[in-house]
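Asks: Sending over a structure as structure tokens; questions will come in a sec.
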Amino acid sequence: MLTIKNLHASIEGTPILKGINLEVKPGEVHAIMGPNGSGKSTLASVLAGREEYEVTEGEVSFKGKNLLDLSPEDRAREGVFLAFQYPVEIPGVSSTNFLRTAVNQVREYRGLESLDAVKFLSIMKEKMKLVEIDQKLLSRSLNEGFSGGEKKRNEIFQMAMLEPTLSILDETDSGLDIDALRIVSNGVNQLKTSENATIVVTHYQRLLDYIVPDFVHVLYNGRIVKSGTKELALELEEKGYDWIKEEADAASV
Amino acid sequence: MSKDNQILEELTSKDYEHGWSVDMEVDEAATGLNEDIIKWISAKKEEPQWLLEWRLKAFKTWQEMKEPDWANVTYPKIDLQALKYYSAPKKSNKPKSLDEIDPELLQIYERLGISLNEQKKLQGIAVDAVLDSVSVGTTFKHTLSKLGIVFCSFSEAVKEHPELVKKYLGSVVPITDNYYAALNSAVFSDGSFCYIPAGVRCPMELSTYFRINAANTGQFERTLIVAEESSYVSYLEGCTAPQRDENQLHAAVVEIYAAKHAEVKYSTVQNWFPGDKNGKGGIYNFVTKRGICAGDYSKISWTQVETGSAVTWKYPSCILKGDHSIGEFYSVAVTNNYQQADTGTKMIHIGKNTKSRIVSKGISAGKSQNSYRGQVQVMKRATNARNFSQCDSLLMGDRCGAHTFPYIDIQNPTAKVEHEATTSKIGEDQLFYCNQRGIATEDAVALIVNGYAKEVLNQLPMEFAVEAQKLLALTLEGSVG
Ligand SMILES: Nc1ncnc2c1ncn2[C@@H]1O[C@H](COP(=O)(O)OP(=O)(O)OP(=O)(O)O)[C@@H](O)[C@H]1O
Ligand SMILES: [Mg+2]
């Protein structure tokens, strides 16, 4: 579904991604871990099409299409969803109104008729249960004054509404309390099918107890320096990143 | 130049949607301005002697005045002698029903999406459509007249209710008030008149659509709204104008009088032709709007959505004379390309326990300049006066300007006056967030801007709010920054 080949990207002339290779197949869950500043959010942003990042080399294909050719909104409409590490506030626009605009634009792109208010609301009610989000929160201005955890929960609610093929969750677990972590993970698991795939970016192995990955990758200095199964996450939890950094630094000299 | 500015450049080149005009035969005054022209207009309109004298007095006053130059706008000097001061669609008999109205006129309304036929059926809005200077269709008159409400063209009011017109005309905006008000008083062509008798709550929104359709015709609308004791009315005014190459002057005067316990809500959606993307053409909109809360516990509320005009100069104001009276001003002013707007309000607290609230939301895009100018004045006897002002500016791109000029004059120590101001930019983060959810940039801008202006848009009657939202989106199409 997603094939990343030798992806290089820079921001304001500074190279951040230095040759990423990754293959994600339908039904898979990939976890990406790695020290702060290693390029995890950058990778997510580049996949979502953020214009500040310049792709200098490499290819990304998504469902057979050249992802890098598509505008950010078309990537979203094709089924790429990014749960932001830092969700943005939009004053005066309710989550409900925002989502209705989003859902209908995505549907239009896919040749589906737009949902009327009643239909939209009933789907919303159903998805709200999935992440146990309060209706009151959704009538408020999008993310404005939301607590850190509420913002994250709202991201997953949006994911539920948009039903993406590829979801990239950028540190969705940070800021969630223990109960919320379980609820949000549950939501993500319930949205999982054999057709879609998930990339979870996280620092904590605890999340991976809930959302069990098929593969774990370690990103360091703009490259995936180690890949393995969920046991790798346990090992990292125990040993930290130093041994991986040493290995990688030795290899690159 | 950043990427966003490039997009802005490309997309702001949209042409004005309502930019067209229909050729119509007109009956118009000779070019220029002098006593004879004023007499000609007055005679044409079969006005009583007192009104002619009032006009002539205004003309004399005006001749001694100088064009104001304090506003933060620049424009070539208008040659007032090159304008024509009266033009009316050439149809000698007034139509009795819509069927009698010139199909070309109806076509204009249809293309604007405001056909009278439709309006008539829609949600009980009485429409007094002003095309150029003479009213061409009035509906719902019957329902209103049963309640004793008068809602008609100004000329008609002069004929049918001269005593009311004589009593209130110029009582809120005297002819000496300012240059444009004096000019308007001398040459005003037509407009609307509205009278709500004591104790009556007007059951429908009253609305008037103004439209300029004759080249080189100065437009001088005159509106007078009188709300007697314990009455209520919500009045809507909206306008769009066809594209022109020469600048057109629009200098309207609106006067509102609210007696004890009366409430008047005045809403405007203003969309005069703003000039093309190079700043050519466009309407000069120099308007004087003022209301007086004459009685205790009265309330006047101005809501405006200003998207049009090349140059706007407009300060809907409230004189809070009655004790416990309330004045409100809610404004969204959008400028794009080379538009200039200098707009705001004056709240003059005279009575005790008077309150005023100002919410101004400026949006600037392109190379436009957007200024808020507000004055809060608390007079000596206005014990416990309260004012709250919120003035926000939203910038799109980095070639536009937003300016705030608050003036505060307090002569009573018990006054409480609060002023808050913010300036923000539509963030790339916000746009990307919307894009990532599948929302196209133009729709994202519309969403963000409507969110920003929500507090003001919420003040508009429902069907107007929807129109206003569309208008904001249209005006800002592509203005990413
Ligand atoms: N405008 C910029 N100019 C230069 N460097 C930048 C710029 N923006 C981001 N970076 C750098 O890119 C690197 C990768 O950042 P990124 O946000 O992708 O890290 P991350 O792996 O997500 O980290 P974290 O775990 O802290 O979220 C960081 O070193 C960051 O400082
Ligand atoms: Mg990150």
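Asks: Taking the Cβ-Cβ separation of A:Lys5 and B:Asn72 as r and a Förster radius of 60 Å, what is the calculated FRET efficiency to the nearest 0.05?
Replies: Computed FRET efficiency for A:Lys5 and B:Asn72 comes out at 0.60.
Asks: Here's something else I'd like to know. Nearest 10 degrees is fine. How inclined is helix A:178-191 to the longest principal axis of chain A, computing both from alpha carbons?
Replies: For A:178-191 against chain A, the angle is about 80 degrees.
Asks: Right, another one. Per-residue ellipticity at 222 nm for chain A, helices alone: DSSP H runs ≥ 4 residues times -39500 (n - 2.57), over residue total, nearest 500 deg cm²/dmol?
Replies: So the helix-based figure for chain A works out to -12500 deg cm²/dmol.
Asks: With +1 on each Lys and Arg Cβ and -1 on each Asp and Glu Cβ, and nothing else charged, work out how big the dipole of the stretch A:109-253 is about its Cα centre, in Debye to the nearest 20.
Replies: 520
Asks: Got a sec? Charge dipole of the protein assembly as shown, +1 on Cβ for Lys and Arg, -1 for Asp and Glu; which of A:Thr165, A:Leu82, B:Pro413 is way out at the positive end?
Replies: Projecting each Cα onto the dipole axis, the largest value belongs to B:Pro413.
Asks: Please report the spacing between the Cα centers of the stretch B:361-422 and the stretch B:33-65 in Å, no decimals.
Replies: Value for the Cα centre distance between the two parts: 37 Å.
Asks: Let me ask another. Would you calculate the separation in nanometres between label points at A:Asn189 and B:Lys159, each defined as 7 Å from the Cα along the Cα-to-beta-carbon direction?
Replies: 8.1
Asks: Which of the listed residues, A:Ile224, A:Ala248, A:Val131, is farthest toward the dipole's positive end in chain A, when Lys, Arg count +1 and Asp, Glu count -1 at the beta-carbon?
Replies: The listed residue farthest towards the positive side: A:Val131.
Asks: Please arrange A:Asp116, A:Asp74, B:Asp323 by counting, for each residue, the other beta carbons lying within 10 Å of its beta carbon, fewest first.
Replies: With the sparsest Cβ surroundings first, the list reads A:Asp116, A:Asp74, B:Asp323.
Asks: Could you sort out which of A:Lys127/A:Lys192; A:Lys151/B:Lys361; B:Lys346/B:Lys425; A:Lys127/A:Lys226; B:Lys44/B:Lys84 sit more than 25 Å apart by Cα distance in this structure?
Replies: A:Lys151/B:Lys361; B:Lys346/B:Lys425; A:Lys127/A:Lys226
Asks: If you don't mind, there's one more thing I want to ask. What do you get for the angle between helix A:230-239 and the principal long axis of chain A? Use alpha-carbon atoms, 0 to 90 degrees, nearest ten.
Replies: Value to nearest ten degrees: 60.
Asks: If each residue's Cβ is checked for other Cβ atoms within 10 Å, how do B:Glu420, A:Glu171, A:Glu247, A:Glu89 rank with the fewest at the top?
Replies: Least crowded to most crowded, the residues run B:Glu420, A:Glu247, A:Glu89, A:Glu171.
Asks: Now for a separate question. What angle do you read, to the nearest 10 degrees and between 0 and 90, between the alpha-carbon axis of helix A:95-109 and the longest principal axis of chain A?
Replies: Approximately 80 degrees, to the nearest ten.
Asks: Using θ = phi - 60° and the Karplus curve 6.51 cos²θ - 1.76 cosθ + 1.60, what whole-Hz ³J(HN,Hα) does each residue of the stretch A:52-61 get, with Gly and Pro shown as x?
Replies: Karplus values, whole Hz, x for Gly and Pro: 4, 8, 9, 7, 9, 6, x, 9, 9, 10.
Asks: Per 0.36 nm of contour for each residue apart, how much would the distance between A:His203 and A:Glu52 grow if the chain were fully extended, relative to their Cα-Cα spacing?
Replies: Contour length minus Cα-Cα distance gives 51.9 nm.
Asks: Sticking with this one: In debye to the nearest 20, how big a dipole does the protein assembly as shown give about its Cα centre with +1 on each Lys and Arg Cβ and -1 on each Asp and Glu Cβ?
Replies: 2180
Asks: Next question. Can you compute the label reach from A:Lys129? Point 7 Å from Cα along the Cβ direction, backbone N cut-off under 20 Å, restricted to the stretch A:170-205.
Replies: What the label zone holds, given the 20 Å backbone N cut-off, is A:180, A:182-193.
Asks: For the residues B:Lys45, A:Lys136, B:Lys314, A:Lys192, what sequence is obtained by ranking on other C-beta atoms within 10 Å, fewest first?
Replies: With the fewest neighbours first, B:Lys45, A:Lys136, B:Lys314, A:Lys192 line up as A:Lys136, A:Lys192, B:Lys45, B:Lys314.
Asks: Run the numbers on chain A and let me know its relative contact order in percent, using alpha-carbon pairs under 8 Å that are six or more apart.
Replies: Taking the mean separation of contacting Cα pairs over the length of chain A, I get 27 percent.
Asks: On to the next question. Using 1/(1 + (r/R0)^6) with R0 = 51 angstrom and r between the beta carbons of B:Ala43 and B:Lys425, what's the FRET efficiency to the nearest 0.05?
Replies: Working from the Cβ atoms, E equals 0.35.
Asks: A further question follows. With a point put 7 Å past each Cα toward its Cβ, work out how far B:Arg381 is from A:Lys239 in nm, to one decimal.
Replies: For the pair B:Arg381/A:Lys239, the computed spacing is 8.8 nm.
Asks: With the Cα gyration tensor of the protein assembly as shown giving a ≥ b ≥ c as the square roots of its eigenvalues, does the rule (a/c under 1.5 for rounded; else a/b larger than b/c for prolate; else oblate) give rounded, prolate or oblate?
Replies: The shape class here is prolate.
Every number here is computed from the coordinates shown, using simple stated rules; none is lab data. Note that the coordinates shown come from a computational prediction; the quantities given were computed from them, not determined experimentally. Because the Cβ atoms are built from the backbone with ideal geometry, glycine has one as well, and the counts that use them run over all protein chains shown.
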